[in-house]
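Only one structure is covered here, and it is reproduced in the block below.
The values are calculated or read from the model by the stated rules, or taken from the named source; none is laboratory data. Not measured: the values here are computed from a predicted model. So basically every Cβ, Gly included, is an ideal-geometry build from the backbone, and we count neighbours across all protein chains shown. Protein only, heavy atoms only, side chains kept; ligands, DNA and RNA dropped before computing areas. Shrake-Rupley method; radii C 1.70, N 1.55, O 1.52, S 1.80 Å.
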Amino acid sequence: MGGVISPSDPLWIEPFSGLSESQFRKLVALVRRRGGDVQRGRPWRLWLEDRVLLVATYWRTNLTLRQVAPLFGISKFAADRVLDHLAPLLAISPARRSHQDTVLIVDGTLVPTRDRTIAASSKNYRYSTNQQVVIDANSRLVVAVGLPLPGNRNDCRAFIESGVDRACRDAPVLADGAYQGTGALIPYRRRRGQEHLTPEQEADNAVHRRARARVEHVFSRMKNWKVLRDCRLRGAGVHHAMLGVARLHNLALSG
């Protein structure tokens, strides 16, 4: 049975991956360098380009694999095998040492998931994971993504436990008030007995809010890949999806 969607027709690429044709080709080249064409076990029924588009389509649309597989002319089990093989190869690379003038921003976002072994009921009243994300304040590219933690974990603990603190050691980091005690730069808060902040503190907080809003814009863009709105993956699948979507977001932003 032939598939409906194929990257051989460039018109399918952007709607189902969120990338332009040239960006998608760069992504395929990256996956090939990482061993995406290495043959293990049964031969692949799809070319590497089709397999990469299948994974991107799954993340972009959040259709079930049972729905995505017929679009590429394969079985649900073959699509599951493609996802398991390629998802780790699409992950963003570990953060390099920051440049001297780099400013980072960290924040957490809730990703609803069906896997209750790594999730907890949180402030959105759904079982979610707390995903810590670090971005470059200037380029708005994702620098690091932490390990998924239960959604009721507060951000100051999640900053350390998720591992993103290691990506923040060489640069100043902006964060909201939930990161008190982590060493991040947080807004001024009223001290005990202080009725109002000084005009200088209010002005600094306004600048801080405008800068920190960039991480919220990143979350909004990343959640255009709808798998992050209701993730059905279990175990490491949630983490791989977050890392892979970060890669697609960076590529879509930087070209």
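Put the Cα centre of the stretch 1-51 next to the Cα centre of the stretch 131-179 and the gap is 31 Å. Once Rg and the Kirkwood radius are both taken over the C-alpha atoms of the stretch 37-153, their ratio Rg/Rh works out to 1.05.
Coordinate range of the alpha-carbon atoms in the chain per principal axis, descending: 73, 37, 29 Å.
Measuring how big the stretch 78-213 is from its alpha-carbon positions, Rg and Dmax come out at 17.4, 64 Å. Once divided by 2.2 N^0.38 Å, the Cα radius of gyration of the stretch 126-190 becomes 1.11. Taken over the stretch 162-214, the ratio of Cα radius of gyration to 2.2 N^0.38 Å equals 1.28.
Only helical runs count toward this figure. For the chain, summing -39,500 (n - 2.57) over DSSP H runs of n ≥ 4 and dividing by all residues gives -12000 deg cm²/dmol at 222 nm. Under the combined filter of DSSP loop state and at most 15 neighbouring Cβ atoms within 10 Å, the stretch 102-159 retains these chymotrypsin sites (Phe, Trp or Tyr not before Pro): Y125. Protein heavy-atom accessible surface, 1.4 Å probe, per residue over the stretch 107-255: 51 Å².
For a test of the definition: using alpha carbon positions, the gyration tensor, and the 1.5 limit on a/c, classify the stretch 1-42 as rounded, prolate or oblate. Oblate shape, in that a/c is at least 1.5 and b/c is the bigger or equal ratio. Relative protection proxy for 183-191, 39-47, 110-118, 167-175, from highest mean packing down: 167-175, 110-118, 183-191, 39-47 (other beta-carbon atoms within 10 angstrom). Counting every C-alpha pair in the stretch 135-255, the share spaced more than 17 angstrom apart comes to 64%. Computed about the Cα centre, the dipole magnitude for the stretch 154-214 is approximately 60 debye when only Lys and Arg (+1) and Asp and Glu (-1) carry charge, each at its Cβ.
Averaging the sequence gap over all C-alpha pairs within less than 8 Å and six or more residues apart, then dividing by the number of residues, gives the stretch 126-180 a relative contact order of 32 percent.
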